Amino acid sequence: MENQFTSPAKKIWLSIPEYIRQTLLNNVWCSRCRTVTTIVDFKGSVENKDLILNGFCKKCGGEVARLIENESVNPVSVKRSDKIDIELTEYERNLLLKMVIIEEELTEKFRLARIHNGMLRFKLSPEDLDILLGHIAAETNHTKNSHYQNQLDALYDKLKNIEMS
Ligand SMILES: [Zn+2]
């Protein structure tokens with residue numbers, strides 16, 4: 001099946017270098033597989049000046065989505081002070097989605113990451129970050145696996161520092 005784009009979406013998509021496009025398509029979170037997957041049969045549309053790809057997981061056929069921030073089309077990106085920028089490694093994000101039970105709405109925000117210098121970027125409200133910290137703390141106490149406990153601890157500290165900065 002041919003991938004479909006709205007015309008503004010296509011414009012943004014084609015402005016992205018081919019090798020980056022491929023990387024974007026191969027790094028999509030699937031909440032059913034609980035891992036990074038390749039998006040197939042996707043539709044591209046533009047929402048709030050960002051490109052959103054909605055398609056399916058290559059492995060399980062589940063619905064997946066990818067948000068691509070378009071800084072070139074949106075040069076005057078107004079930094080909203082009510083949102084906190086959070087940068088996570090792919091590993092940290094996956095740890096979060098694998099180990100920590102979070103609301104669907106919050107999970108969605110973590111699925112729609114932007115990639116910036118190899119890091120995944122998310123925008124969270126202070127409330128969301130607070131809720132997330134609560135979940136991480138709860139899961140850290142709950143898990144019997146000391147390996148995950150340490151990693152969750154480190155993630156908690158990292159996010160706590162972001163919250164306080
Ligand atoms: Zn899947």
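The numbers here are math on the coordinates, done by the rules we state, and not lab data. Quick caveat, the model's predicted, so the values are computed rather than measured. Reconstructed Cβ throughout: ideal geometry from the backbone, glycine too, with neighbour counts over all protein chains shown.
Screening the chain for DSSP H helices whose Cα atoms reach 20 Å or more along their own axis and whose mean Kyte hydropathy is at least -0.5 gives 126-142. Nearest-5 percent of antiparallel DSSP beta bridges in the chain? Close to 90 percent.
Where only DSSP H runs of four or more residues are counted, the chain gives -13500 deg cm²/dmol as its mean residue ellipticity at 222 nm, each run worth -39500 (n - 2.57).
Here K144 is the anchor, and the aspartates and glutamates within straight C-alpha reach of less than 16 Å, apart from those fewer than 8 places off in the same chain, are D153. Which of rounded, prolate, oblate describes the chain, given a ≥ b ≥ c as roots of the alpha-carbon gyration tensor eigenvalues and a/c under 1.5 marking rounded, otherwise prolate only if a/b is larger than b/c? Oblate. Per residue, the convex hull spanned by the Cα atoms of region 84-164 measures out at 83 cubic angstrom. For the peptides 104-115, 133-144, residues were scored by their other Cβ atoms within 10 Å and the scores averaged per peptide; the highest-first order is 104-115, 133-144.
Averaged over all directions, how much area does the convex hull of the C-alpha atoms of region 4-68 cover when projected, in nm²? Result: a mean projected hull area of 4.0 nm².
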